[in-house]
């Protein structure tokens, strides 16, 4: 009885302390304490040498660059960089298109070749020529005067080479192989309607099979292909090399993925280089930006060697500039396709709705 | 007439808040679809509703949410009873733990469910992966806590004597339940059911993860149409359809909730010892608890898995920014942001919710007055049933210029979360406030008490406990809120669910483990706060 009483007193005081702590640590969110050092920093040092103010970069949730680089940007140009990164690439494209008259930032990064025509059609971007010219192979057919390529990543079918070795089976090589009964029930892909790599893989099949993609996909499904919601479901949920309970050794992922499955001095997965679709991500100055000069400086900076060399480790993508250095693991294990599939961005824009509704019908059958 | 004017004056604050933060953005976004090239084109929008795809999606939304609601109520009732009326050992902790699913990020729960149901999982033989059954199970998992908590709060303060009297007159336990207890609980049950239905009908992440890509609900379709296809007309059509369905549902539930005489004497019954005859309730409780515990245990187990072995590695990594700098801030910093945001969201929601509840439950003296009150009641429920996608994009395009330039305000996140929590608070408080006999207030007034004094002595003692329960609810909602937050959160101050989502989407062996560990931390933090709420209210019982 006594101990029970003690227990109640103890938990009550613990609970009280916890509540007090939470309450104390709070008040109108705008935390004026420790971790807002950044904010005060911004105010006190916002009288820079060359130029002034803040540059706001609108991006998607995958945006990430090391803090040291962002500080360097401030030292080099005098601008404070504020990143507003939320939602996926489609959300970003919609946000930019909807706010064309009153942009949510000065520059935008993260519009890829599958979504470029939407904001371009709404006149979201202002013309801009960067100080250094990225290789012409990444330029858009339309809108190259406004959107500057920053990085590229190819979506490729990946295989668990360790699994295939153990099963004494030759891994598939091409898209056509995936419908081979030898690989029945071994393939998992994120959906085209719900996932950006899923869409890229779908576009690869469209590039390969043209209007016959429906029968190819029917073949895939007949071969017991599993279609899941997102890349993380496929890779961490069903892929043998990504999940302990995974049952499928073939997955849609990136050309760089093998660099993340290195055990000792070898990787246990491989990207099938004949199945790739290349996604290029672009940056642009927003029309009506409050700080257009800052936005231009920001994009020039994103093409600088220091940022370009940081892209692989920060965002899992390859730099577009050839002068950038690539991390050792990447140089060794992330092999890039030489001739990835391509679908022009206007064709994607014109057909996206029809393709995706037809695709949903095919996989719901 | 003067009463109605007074009522409207009192309602002005909450209505204004909801008008700016909800009606304005949603109208703004929906009208994007109605105006094509500066031409008002409602006909084209309505044509969208004739598409067979839309019919299929609307039907699926209705029946999956309907079944999930029924199941959640059926499973939740016995547990609500067991945890609020029976002297179970550790029931306070259990009650707190039951709220954990409610705050877990859907993407994590999706992964947990799929590790169970997937081809390689222990329940893989059932073949439920990607089926509607999995979707409904996921919805029930998230929402059974709403039923347990909302109905439990009402059940706890239900006078046991009418039931005892019926039993003394020879009624069987089933008869007592059917003729005495359930009718008295009806407002609370209907209230909980309508909230659960709205939560299910607007579920987003869980439908995508568990249903694969085959099944769409109105909510996932609005997202698809807005972001992937950029067909704003169709998105507007579906948003309007969603609002109409929600309004109809709210009207129906208001009708069902209405009881001829809500005034019941409220006392907090002493929990009684468990008897042998309680076995059906106990069995059901154990089953529901295991159903909820299973995915959570999978998560916990996963969070301790490091490489081939076990260990604390994933937890130690929470102070870092993850493998390959997956994050901009360490998880621990995100936890602090989450807690701070939740405190703000809670007081905002509680303040608004209390005002709304008082307004809608005061006894009306005329029919028109009652109409105004029930209209207001339904109005404040709306945020639950309207697409977060529509609302989120609406924020961007309507709150973008002075005097309403809130787009970049750090307060936007707690405000949005408070909106989501508001209906829960209102639904928890109104059955209790509505149950107070107005004559008590009149008596207090005739004895010379000011309206404030009357409220303090009549309403407060009764509403005190449900209020704590409601604030715990709001806190949990805010901690776990993902949809609106992901849209509005600033990159340098992400909340915990945002960080978890980010971790899970980044390659790197450690990141997945960290995501699971962070989810366990989020769950534990919630459970601790809930235990605190439950504990702190204990001393107050004897005081009144």
Open item on the list: Go through the range A:73-99 and report how many residues are out of contact with any helix residue (DSSP H, G or I) (no Cβ under 7 Å at 6 or more places or on another chain), touching a residue at least 12 places away in the same chain (Cβ under 8 Å) and more than 10 Å from chain B (Cβ to nearest Cβ).
Closed with: 3
Task: Total residues in the range B:87-109, condition crowded, with 18+ Cβ neighbours inside 10 Å and either touching a strand residue (DSSP E or B) at 6+ places or on another chain (Cβ under 6 Å) or not in a helix (DSSP H, G or I) (or both) - done: 5
Task: Those residues of the range A:260-281 which are in contact (Cβ under 8 Å) with a residue 24 or more places away in the chain and over 17 Å from residue A:163 (Cα atoms), in sequence order - done: A:273, A:274, A:275, A:276, A:277, A:278, A:279, A:280, A:281
Open item on the list: It is to be established whether one or more residues within the range A:269-280 are surrounded by fewer than 21 Cβ atoms within 10 Å (Cβ to Cβ) and more than 27 Å from residue A:208 (Cβ to Cβ).
Closed with: no
Open item on the list: Name the single residue that is surrounded by the fewest Cβ atoms within 10 Å (Cβ to Cβ) among those in the range B:110-123 being free of Cβ contacts under 8 Å to residues at least 12 places away in the same chain and at the interface with another protein chain (Cβ under 8 Å from one of its Cβ atoms).
Closed with: B:120
Task: Matching option when the condition is buried (at least 16 other Cβ atoms within 10 Å of the Cβ) and free of Cβ contacts under 8 Å to residues at least 40 places away in the same chain, among A:314, A:309 - done: A:309
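Regarding the range B:160-174, can at least one residue be identified that is surrounded by 24 or more Cβ atoms within 10 Å (Cβ to Cβ), in contact with a helix residue (DSSP H, G or I) (Cβ under 8 Å, 6 or more places away or on another chain) and assigned to a helix (DSSP H, G or I)?
No; the residues of the range B:160-174 include none that is surrounded by 24 or more Cβ atoms within 10 Å (Cβ to Cβ), in contact with a helix residue (DSSP H, G or I) (Cβ under 8 Å, 6 or more places away or on another chain) and assigned to a helix (DSSP H, G or I).
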Task: Sole residue being at the interface with another protein chain (Cβ under 10 Å from one of its Cβ atoms), under 23 Å from residue B:98 (Cβ atoms) and touching a residue at least 60 places away in the same chain (Cβ under 8 Å), chosen from B:210, B:198 - done: B:210
Task: Hey, residue B:357 surrounded by fewer than 18 Cβ atoms within 10 Å (Cβ to Cβ) and in contact (Cβ under 8 Å) with a residue 24 or more places away in the chain or not - done: no
Open item on the list: From the list B:543, B:484, exactly one residue is under 22 Å from residue B:414 (Cβ atoms), surrounded by fewer than 24 Cβ atoms within 10 Å (Cβ to Cβ) and either at the interface with chain A (Cβ under 10 Å from one of its Cβ atoms) or at pLDDT below 85 (or both). Which is it?
Closed with: B:484
Task: Members of the range A:116-132 that are within 22 Å of residue B:222 (Cα to Cα), in a loop (DSSP other than H, G, I, E, B) and touching a residue at least 60 places away in the same chain (Cβ under 8 Å) - done: A:116
Open item on the list: Which residue is farthest from the chain's Cα centre (by Cα), if the candidates are limited to the range B:447-489 and must be under 18 Å from residue B:105 (Cα atoms) and outside any helix (DSSP H, G or I)?
Closed with: B:489
TODO: Please go through the range A:172-199 and pick out each residue that is in a loop (DSSP other than H, G, I, E, B) and surrounded by fewer than 20 Cβ atoms within 10 Å (Cβ to Cβ).
DONE: A:173, A:174, A:180, A:184, A:185
- [ ] Kindly indicate which of B:12, B:62 is surrounded by fewer than 18 Cβ atoms within 10 Å (Cβ to Cβ), out of contact with any strand residue (DSSP E or B) (no Cβ under 9 Å at 6 or more places or on another chain) and under 25 Å from residue B:388 (Cβ atoms).
- [x] B:62
TODO: Looking only at the range A:218-258, count how many residues are under 14 Å from residue A:161 (Cα atoms), part of a helix (DSSP H, G or I) and more than 9 Å from every other protein chain (Cβ to nearest Cβ).
DONE: 1
Open item on the list: Kindly evaluate residue B:203 against the criterion of being crowded, with 17+ Cβ neighbours inside 10 Å and away from chain A (no Cβ under 14 Å).
Closed with: no
TODO: Assess whether residue B:215 counts as being over 18 Å from the mean Cα position of the chain (by Cα), within 11 Å of chain A (Cβ to nearest Cβ), closer than 30 Å to residue A:117 by Cβ and modelled with pLDDT under 85.
DONE: yes
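The values are calculated or read from the model by the stated rules, or taken from the named source; none is laboratory data. Please read these numbers as outputs of a predicted model, since none were measured by experiment. Ideal geometry is used to build each Cβ from the backbone, glycine not excepted, and the neighbour counts take in all protein chains shown.
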